[in-house]
Structure formats: C-alpha cells, structure tokens
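The values are calculated or read from the model by the stated rules, or taken from the named source; none is laboratory data. Predicted model, so just to flag it, every value in this text is computed and none were measured. With ideal geometry, Cβ positions are generated from the backbone for all residues, glycine too; neighbour counts draw on all protein chains shown.
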Amino acid sequence: MKKIIYTFLLLLPLSVMASGGVKLQSVDIDLSDFDSMQKGAKHYVTYCLGCHSLKHMRYKRIAVDLNIDEDTVLEEIAPEGAGIYNQMHTAMDKRDSSKWFGTTPPDLSLIARSRGPDWIYSYLKGFYKDESKPLGVNNTVFKDVGMPNMLWKLQGTQTPTFTTVEGQEVLAYLKLTKPGTLSPGEFDTMVTELVNFLVYVGEPMQLERITMGKYVLLFFLMFTIIAYLLKKEYWKDIDS
C-alpha cells in the first residue's frame with residue numbers, strides 16, 4: 001500500500017505538467033443528453049473532420065446510440081456523399097497535411113480517454129493571438145500548438161496578458177478583443193456539445209453500461225434485502 005501511495009504522489013506532478021501548469025476549466029458532461037451529443041457530432045463534422053478522423057466510429061452507430069433516424073444523420077450530420085455504414089474518415093491527404101502542418105493530424109477517436117474532457121474543453125477555448133507563430137495563434141494548454149484555431153470565427157480573437165513570476169513570463173489571462181459570431185455563453189455551449197460528443201466516441205458502450213449499471217445496483221439492493229431476511233429466518237431457531 002505504501003508503494004502504491006508513493007507512486008501516486010510521484011505521478012501527481014506529471015498530471016500538472018501535462019496541462020503545462022495551467023489550471024483546466026471544468027466542463028459539464030451529460031451523456032444522457034442525446035440532443036447535445038447530436039449537435040456535437042454536427043459540430044465535429046463541420047469544423048474538425050476536415051483534418052481529424054474518428055476511425056473507430058461509424059455514422060450508423062451514431063444513429064443507433066443517439067436514437068436518430070438514419071436519414072437525419074446523413075442529411076444533418078454526415079458530409080455530403082457519405083454512407084450510413086462509413087467510418088468517420090477525413091478527406092485530407094496525409095501527405096498534404098504533413099506538408100501543411102508539419103505532421104499528420106491525429107485521429108481523435110480516443111482523445112477524450114487519453115486527455116480527458118476538461119483538457120479538450122480548455123484546449124478548444126484556449127487559443128490566443130500570437131504573431132510569432134507560423135499560424136498566428138498559440139494555446140494556453142498546448143504551447144506552440146501546430147494547429148490553427150478552427151473556431152475563431154465563432155469565438156473571436158483572444159489577446160493574452162502576461163505577467164512575470166520569479167523571473168519568468170507567465171500567461172495571466174486572455175481578453176476577448178474581437179468578438180466572434182457567437183456570444184461567450186453560446187460559444188461555451190457549443191464547445192461543451194463538441195466535447196460531450198467526443199467523450200461518447202471514446203467509449204460508446206458507456207451509454208449501455210450506465211443504463212445497465214442502474215439495474216445491477218437495483219439487483220444488488222434486492223438481493224441484499226432477501227439475503228438479510230433469509231439470514232434472520234435461518235438464525236431464528238438458533239437464537240431461540
């Protein structure tokens with residue numbers, strides 16, 4: 001037990017370093033909100049699928065899991081020409097993407113499991129103007145990010161303010177200097193929907209697991225009551 005606790009304490013600094021020492025913003029994930037995940041799927045196809053695939057997900061699975069009609073998925077979520085049984089692959093050529101961005105954009109099927117929803121939420125909201133970078137932006141949780149801010153028209157432009165702490169320049173806060181087409185509240189909702197969808201994609205079975213878990217807990221409760229009554233009945237003669 002001491003070794004386990006010691007190992008856990010050693011790993012704590014690594015978890016802080018993973019976010020660059022920046023406190024992550026908290027996102028409210030609700031996998032029972034199918035409408036939110038449906039909108040998140042649409043956001044993903046519109047703003048993310050051009051570069052990042054979801055190779056472990058099919059449009060058919062989205063229709064089944066989120067109780068959406070297949071025609072609706074093809075008309076409102078899937079890109080034009082996609083089939084209901086198609087995987088969510090990007091149309092971008094790997095050689096082109098490597099040439100443009102310096103590396104091939106990763107598949108994001110498991111990003112919510114590897115990074116966590118709070119990290120994705122903070123990352124999507126953390127882009128700020130940085131003219132020293134090739135793409136003109138940087139990110140609070142992913143320093144020197146090699147990806148443009150695909151949501152800049154919606155979010156607007158954020159300008160950083162730095163402060164000096166122990167001789168080092170540290171990002172203090174971001175200020176929205178040029179509003180986007182969405183208000184800050186609307187943008188937060190949109191990003192939450194997108195993250196909600198990615199959490200679902202990371203483990204689609206959790207929808208069924210959560211539902212099944214309620215019945216399992218109910219079974220254990222009923223079994224405990226029956227076992228208790230049975231124990232009283234067996235020990236009645238002994239106690240007397």
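Structure data summary
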| read-out | value |
| --- | --- |
| Failed item in (1) in a helix (DSSP H, G or I); (2) surrounded by fewer than 17 Cβ atoms within 10 Å (Cβ to Cβ); (3) touching a helix residue (DSSP H, G or I) at 6+ places or on another chain (Cβ under 9 Å), with residue 146 passing the rest | (1) |
| Qualifying residue in the stretch 21-31 (condition: in contact with a strand residue (DSSP E or B) (Cβ under 9 Å, 6 or more places away or on another chain), outside any helix (DSSP H, G or I), outside the structural domain of residue 156 (by TED's automatic domain parsing) and small (Gly, Ala, Ser)) | yes |
| Failed criterion for residue 65 (all others in (1) within 21 Å of the chain's Cα centre (by Cα); (2) acidic (Asp, Glu); (3) modelled with pLDDT of 95 or more hold) | (3) |
| Any chance residue 135 is part of a loop (DSSP other than H, G, I, E, B), assigned by TED's automatic domain parsing to the domain that holds residue 57 and surrounded by 12 or more Cβ atoms within 10 Å (Cβ to Cβ) | yes |
| In the stretch 101-121, the residues that are out of contact with any strand residue (DSSP E or B) (no Cβ under 9 Å at 6 or more places or on another chain) and surrounded by 14 or more Cβ atoms within 10 Å (Cβ to Cβ) | 101, 104, 105, 111, 112, 115, 116, 117, 118, 119, 120, 121 |
| Meets criteria (of a type in the set (S, T, N, Q) and modelled with pLDDT of 95 or more) for residue 109 | yes |
| Tally, over the stretch 56-79, of residues that are buried (at least 22 other Cβ atoms within 10 Å of the Cβ), out of contact with any Phe, Trp or Tyr (no Cβ under 6 Å at 6 or more places or on another chain) and either among the aromatic types (Phe, Trp, Tyr) or over 15 Å from residue 196 (Cβ atoms) (or both) | 1 |
| Total residues in the stretch 75-109, condition under 19 Å from residue 202 (Cα atoms) and small (Gly, Ala, Ser) | 2 |
| Selection count, the stretch 67-114, where residues are without any contact (Cβ under 8 Å) to a residue 40 or more places away in the chain and either hydroxyl-bearing (Ser, Thr, Tyr) or outside any helix (DSSP H, G or I) (or both) | 19 |
| Odd one out for residue 190 among (1) modelled with pLDDT under 95; (2) of a type outside the set (Ser, Thr, Tyr); (3) within 22 Å of residue 115 (Cβ to Cβ) | (1) |
| Verdict on residue 162 being touching an Asp or Glu at 6+ places or on another chain (Cβ under 6 Å), in the same structural domain as residue 51 (by TED's automatic domain parsing) and either farther than 21 Å from residue 105 by Cα or in contact (Cβ under 8 Å) with a residue 60 or more places away in the chain (or both) | yes |
| Residue in the stretch 48-58 that is modelled with pLDDT under 95 and assigned to a helix (DSSP H, G or I) present | no |
